[in-house]
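> Quick one: the structure is below, questions incoming.
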Amino acid sequence: MYSFDYERPSGVNDAAASLGEDDKVLAGGQTLLPTLKLRLAQAGKLVDLSGIDELKGISSNGSELSIGAMTRHVDVADSAEVRSAIPALADLASHIGDAQVRNRGTIGGSVANNDPAADYPSALVALGATVHTNKRSISAEDFFVDLFETALEEDEIITKISFPVPESAAYAKFPNPASRYALVGVFVAKTSGGVRVAVTGAGPCVFRQSDMEAALSSDFSSSAISGISTDASGLNSDIHASAEYRANLVSVMAGRAVDAAS
Amino acid sequence: MTTVTMTVNGKNVSADVAPNTLLVDFIRNNLRLTGTHVGCDTSQCGACTVHVDGDSIKSCTMLAVQAEGADVTTIEGLAANGDLHPMQASFKENHGLQCGFCTPGMIMSAVDLVKRHPNPSEETIRSELEGNICRCTGYHNIVKSVKAASEKMGG
């Protein structure tokens, strides 16, 4: 690793104020630290958010579930409130990476990184979540812009994510057997406003599968989408899977998610 | 340099470290506790697993400064008064190791998994050990060791 300075402020405003152009925000560090170690990134200073208590914790009021940005994956997976309000979200968190990664990695860090194969972006988009920062509130669909790109400004810090509680939801992923990242993951949510289907891992950024959403809104069963395919053009193609293979996986995972949510 | 203070295996330790010092390097180089191993150094193999405030973490993917004020346990801190921890004894009894390189990390992960899953099934043990790689591929006896230890640990 290149050298850097380190700060651990106790408030969000202090953290935002100390962020310079070359600095990086450190959440759980499970992506940032390996990236720094490989010298794929360099930071003048790391601003560690772990000392900010207001960024941690989970609350629910029945219609909305709110999760602080520095809440770890293990805490989401084990939370009685999450399991009660949106069990699919707890299930998703319990399958991120491995146990040690879940003991450090955070929802805010995952969302801010917007890895194309991360699990959380699909949940945020399918559930119609809102990303709250120290400056504003951003809908999940506006938040995830492109490959590793979000709507966050340089000195903007995620404070919490709020999720409307759906009627039912489920997440199905085909994990890369080594990394446990999603080769393809599909999050299906049945909400009062219709059915939403969000796909991660398949493309450069999370996206909604609108043909499946329309079919599921009139008939919420896996047979309703069995004939719907996803265009492979623009999907990821790499050593793990071709674009065509991923396109097929979208249908398979969507079917499994619908069955699990039915 | 930044001064970092933490508790390691029950002892209060303090040192001046560069902010980019990894926790595993602090443990091995500053404290000379070399039971914690560096395998892949890329957050995949789990040989560097230690407990921070009771949770298993990969110490190659945490900075020493992030452990400020924390309670850290390494493989050297498991045995009490010269008696092996039940998990250590179980790995010995069930031949849960071949070359032994991954063993400290396996045992630290296994202790944490039995804490969270007191009576784990074979499936639970295998999925909870996703973050630990044994390059001898001796998984079968590792799983057997963890299962046997969980029964002795009151699961």
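The values are calculated or read from the model by the stated rules, or taken from the named source; none is laboratory data. Since the structure is predicted, the reported quantities are computational estimates derived from the model, not experimental observations. Every residue, glycine as well, gets a Cβ built from its backbone with ideal geometry; the counts of neighbours run over all protein chains shown. Accessible surface areas use protein heavy atoms only, side chains included; no ligands, DNA or RNA. Shrake-Rupley method; radii C 1.70, N 1.55, O 1.52, S 1.80 Å.
> Restricting attention to segment A:24-68, which residues are in a helix (DSSP H, G or I), farther than 22 Å from A:A80 by Cβ and not basic (K, R)? Quick ask: steps written out before the conclusion?
Taking segment A:24-68 as the starting set, the residues that turn out to be in a helix (DSSP H, G or I) are A:32-37, A:49-51, A:53-55.
From what's left, farther than 22 Å from A:A80 by Cβ: A:32-37, A:49-51.
Correct list: A:L32, A:L33, A:P34, A:T35, A:L36, A:L49, A:S50, A:G51.
> Please list, ordered by residue number, the helices (runs of 4 or more DSSP H) wholly in segment B:30-146 having 1 or more residues that are closer than 30 Å to A:S10 by Cβ, at pLDDT 95 or above and not basic (K, R). Show your work before the answer.
On the way: elements: B:86-93, B:103-116, B:122-128.
By residue number, B:103-116.
> Of the residues A:E81, A:E54, A:E64, only one is surrounded by fewer than 18 Cβ atoms within 10 Å (Cβ to Cβ), away from chain B (no Cβ under 12 Å) and touching a Leu at 6+ places or on another chain (Cβ under 8 Å); which? Steps first, please.
Details: A:E54 fails: touching a Leu at 6+ places or on another chain (Cβ under 8 Å); A:E64 fails: touching a Leu at 6+ places or on another chain (Cβ under 8 Å).
A:E81 is the lone residue from the list that is surrounded by fewer than 18 Cβ atoms within 10 Å (Cβ to Cβ), away from chain B (no Cβ under 12 Å) and touching a Leu at 6+ places or on another chain (Cβ under 8 Å).
> For A:E141, indicate whether it is within 13 Å of A:V125 (Cβ to Cβ) and out of contact with any strand residue (DSSP E or B) (no Cβ under 7 Å at 6 or more places or on another chain). So that I can check it myself, show each step before the final result.
Numbers: within 13 Å of A:V125 (Cβ to Cβ): yes; out of contact with any strand residue (DSSP E or B) (no Cβ under 7 Å at 6 or more places or on another chain): yes.
Yes; evaluated as a whole, the condition is true for this residue.
> Right, something else. Suppose the filter is away from chain A (no Cβ under 14 Å) and either touching a helix residue (DSSP H, G or I) at 6+ places or on another chain (Cβ under 6 Å) or open to solvent by 10 Å² or more (accessible area, probe 1.4 Å) (or both); does B:A79 pass it? Working first, answer last.
Values: away from chain A (no Cβ under 14 Å): yes; either touching a helix residue (DSSP H, G or I) at 6+ places or on another chain (Cβ under 6 Å) or open to solvent by 10 Å² or more (accessible area, probe 1.4 Å) (or both): yes.
The answer is yes for B:A79.
> Taking segment B:44-55 on its own, how many of its residues are open to solvent by less than 10 Å² (accessible area, probe 1.4 Å), over 16 Å from A:R180 (Cβ atoms) and facing another protein chain (nearest Cβ under 7 Å)?
Narrowing segment B:44-55 to residues open to solvent by less than 10 Å² (accessible area, probe 1.4 Å): B:46-50.
Next cut, over 16 Å from A:R180 (Cβ atoms) only: B:47-50.
Okay, now just the ones that are also facing another protein chain (nearest Cβ under 7 Å), so B:49.
The qualifying residues number 1.
> Across segment A:1-23, what is the number of residues that are outside any loop (DSSP other than H, G, I, E, B) and either open to solvent by 70 Å² or more (accessible area, probe 1.4 Å) or farther than 16 Å from A:I158 by Cβ (or both)? Outline the logic, then answer.
Our first condition is that a residue be outside any loop (DSSP other than H, G, I, E, B); within segment A:1-23, this holds for A:5-7, A:12-18.
Add one more test, that the residue is either open to solvent by 70 Å² or more (accessible area, probe 1.4 Å) or farther than 16 Å from A:I158 by Cβ (or both), and what stays is A:5-7, A:13-14, A:17-18.
Selection size over segment A:1-23: 7.
> Next question, about the same structure. Output the number of residues of segment B:120-143 satisfying the condition of being more than 11 Å from B:C102 (Cα to Cα), open to solvent by 60 Å² or more (accessible area, probe 1.4 Å) and more than 18 Å from the chain's Cα centre (by Cα).
Counting residues in segment B:120-143 that are more than 11 Å from B:C102 (Cα to Cα), open to solvent by 60 Å² or more (accessible area, probe 1.4 Å) and more than 18 Å from the chain's Cα centre (by Cα) gives 3.
> For segment B:90-112, enumerate the residues that are in contact with a strand residue (DSSP E or B) (Cβ under 8 Å, 6 or more places away or on another chain) and closer than 14 Å to B:M153 by Cβ.
B:V111, B:D112
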